[in-house]
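The values are calculated or read from the model by the stated rules, or taken from the named source; none is laboratory data. Keep in mind it's a predicted model, so treat the numbers as computed, not measured. For neighbour counting, all protein chains shown are included, and Cβ atoms are generated from backbone atoms with ideal geometry for every residue, glycine included. For accessibility, only protein heavy atoms count, side chains too; no ligands or nucleic acids. Shrake-Rupley method; radii C 1.70, N 1.55, O 1.52, S 1.80 Å.
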Amino acid sequence: MRRMMYLFRLIFLIPLLSGTAVLAQTHAERYMVSSAHPQATEAGLEILRAGGSAIDAAIAVQLVLTLVEPQSSGIGGGAFLMHYGAAENTIDTWDGREAAPAAAQPNLFMAADGTPMRFYDAVLGGRSVGVPGVLRAMEAAHKAYGRLPWPRLFEPAIKLATSGFSVSPRLAAAIRADAERLRRDAATRNYFLRHDGTPIPAGTRLSNLTLADTLRAIASGGADAFYRGEIAADIVAKVRSDENSGLLTIDDLTAYEARRRPPVCAPYRGMRLCSMGPPSSGGIAVLQILGMLEHFDLSQLPAGSADAAHLLAEAGRLAFADRNLYLADADFVPVPVAGLLDPAYIMLRAQQIDRDSTIERPRPGNPPWRRLEQAPQPENPENGTSHISVVDADGNAVSMTTTVEDSFGSRLMVRGFILNNQLTDFSFRPDVAGRPIANRVQGGKRPRSSMAPMLVFDSEGALSLVIGAPGGARIIGYVVQALVGVIDWQLDPQSAVGQPHVGVTGTDEVELEAATAAAALKARLEALGHRVVVREMNSGLQAIAVNPDTLQGGADPRREGMAAGD
């Protein structure tokens, strides 16, 4: 039977209560890709049409995002990658998080006067650059589940980097907003700014022949071409010669390995939800929040109501209190994962939530199997990031969240790509009152993340949803709210990712999305005792719902992404 091919660029728009317009619901029969940029999505579809697997498509998407969305992710950054194998009914997760150089010490981001450095004093330049991990993670996953040859996956990005692409309004706005910081590195300045020093505008035809050459080298030589030899030497030279120099060495790059880790999973409303464990805090925090919310019948509360927002915020504040104390790289710090997700412990945390008032000062709990006396980490800014969701024709799926951390990472460009500033996801303070912070800097350690790629399975064990988001610490709330939208409020993926946002990034403030219906909840939430801030919340959720006869896609209307399939 002839399969229907669905139009990529849907022209009919539907309004949400938020007042924004979103792409109409996207359906497909065989396979689907949802990513942060239409050309990246089309690269993934090209690979799927050629017989590639979900992991093949995700790799092609990431390589194109390196070119068209350099402010968010790329081969100079890191990722967490989840793979679902339909035939074996298995979940594999790869930790491609950046690592601290072996020589890094806990005081890396402490100033000479004994105080933490200002954020951008730490970010800009070589000091903040960790060992990039995304290529090693993608290569490892491809060896396990790839179908097409590795070089074939590079063809869409090489072609686009050579022929050029049109700078999107979002990329142009990011360049304009960050122009002063982009000027400090010659390669970065020459690429993103015009000869007169002004930012390149939207619509500019931009090619990147240097990146094309880099991708050709990696296509033919594998990830080793990046982690050894001339590319590695250029990365190290850039980091160490910068005025804010870093500690990265050739040995750090050579020694880097993507680590295969067990997923973290928990039930919610009869379904099974799985995500990444440490060094990400995102999966555990999302599962904790949902575990607390399961003690309340959210289906009886209107989506977008103040009562629902209050419950989301309170559960989030409790989860963040635990996150700030316990979550870090489990290769360096004992993380009580089983205790944090223990149903009895979650129930005790949920019992602190009062529908009619706020918890004055949420404190971390005492989960089973806790082993260390640590100090809570003060909050650091978290930014950047992109998400990729893919389902192939055999039902295999990838949920991959990928990042260079801050917008344009360290602002250092080498061989045509941006280097991350991921080390600033560590705690700048190594201790508080003599008690160590779990997420302090240590050589070889991977910084705590909020990334939360998710795979959701129905009560029969069948894959139901592939989802994730960018947004720094806001990732946790974005993913929770979208999951509640799909599971409790029966929203389709596009409506779920387009909901007006309510969330927290710590234990103190509740954030409401400006210029949406959520902002109208401010007075009611303040009456319950919340400290409320109304601000822009630029999420970038990418979702694919898997139904018996169709796939439904959702791409966050706040960015320029696209869900599409055949």
#### Entry: Extended-chain gain in nm, criterion 0.36 nm per residue less alpha-carbon gap, S207 and A523
108.9 nm
### Query
What is the local net charge at S386, summed over the other residues whose Cβ is closer than 12 Å to its Cβ (Lys, Arg +1; Asp, Glu -1)?
-2
### Task
Pull up the cross-link candidates among the aspartates and glutamates for K143, meaning alpha carbon to alpha carbon under 19 Å and not fewer than 8 places away within one chain.
D56, E88, D92, D95, E155, D224, E257, D392, D394
### Query
Sorted by mean Cβ packing within 10 Å, highest first, what order do the peptides 537-545, 241-249 take?
537-545, 241-249
### Theoretical FRET efficiency, 1/(1+(r/R0)^6), r = Cβ-Cβ of H295 and D394, R0 30 Å, to 0.05
0.20
#### Entry: Stokes-Einstein D (µm²/s) once Rh is taken as the Kirkwood radius of segment 125-176 over alpha-carbon pairs, at 25 °C in 0.890 mPa s
172 µm²/s
### Query
When all alpha-carbon pairs of segment 313-418 are counted, what percent fall beyond 24 Å?
49 percent
### Task
For volume of the Cα convex hull per residue in Å³, several values are listed as [x] 140; [y] 230; [z] 292; flag the one computed from this structure.
[x]
#### Entry: Gained length - D196 relative to N366, 0.36 nm times residue gap less alpha-carbon distance
55.4 nm
### Message
How many angstrom lie between the Cα centre of segment 430-500 and the Cα centre of segment 50-69?
### Response
22 Å
#### Entry: Label-point separation in nm, I359 to S459, each point 7 Å along Cα→Cβ
3.0 nm
### Query
Mean Kyte-Doolittle of at least 1.6 and a Cα length of 20 Å or more along the axis: which whole DSSP H helices of the chain meet both?
54-68
### Summary
Between N107 and R49, the FRET efficiency computed from the C-beta separation at R0 = 56 Å comes out, to the nearest 0.05, as 0.60
### Task
Could you tell me the distance between the Cα centroids of segment 242-292 and segment 516-550, to the nearest Å?
24 Å
### Summary
Protection proxy (average C-beta count within 10 Å per residue), highest first, orders 475-482, 208-215 as 475-482, 208-215
### Message
Not counting ligands, DNA or RNA, and with a 1.4 Å probe, what is E511's accessible surface area in Å² rounded to the nearest 10?
### Response
10 Å²
### Message
Leaving out ligands, DNA and RNA, and with a 1.4 Å probe, what % of the accessible surface on segment 154-308 is carbon or sulfur?
### Response
51 percent
#### Entry: Inverse mean reciprocal Cα-Cα distance (Kirkwood Rh) of segment 148-260, Å
16.1 Å
### Task
Please calculate how many Å² of accessible area the chain carries per residue, with a 1.4 Å probe and no DNA, RNA or ligand atoms counted.
36 Å²
### Query
Counting only Cα, what are the radius of gyration and maximum Cα-Cα distance Dmax of segment 384-449, in Å?
16.5, 55
### Modelled FRET efficiency - R0 25 Å, T162 with A237, Cβ distances, 0.05 increments
0.45
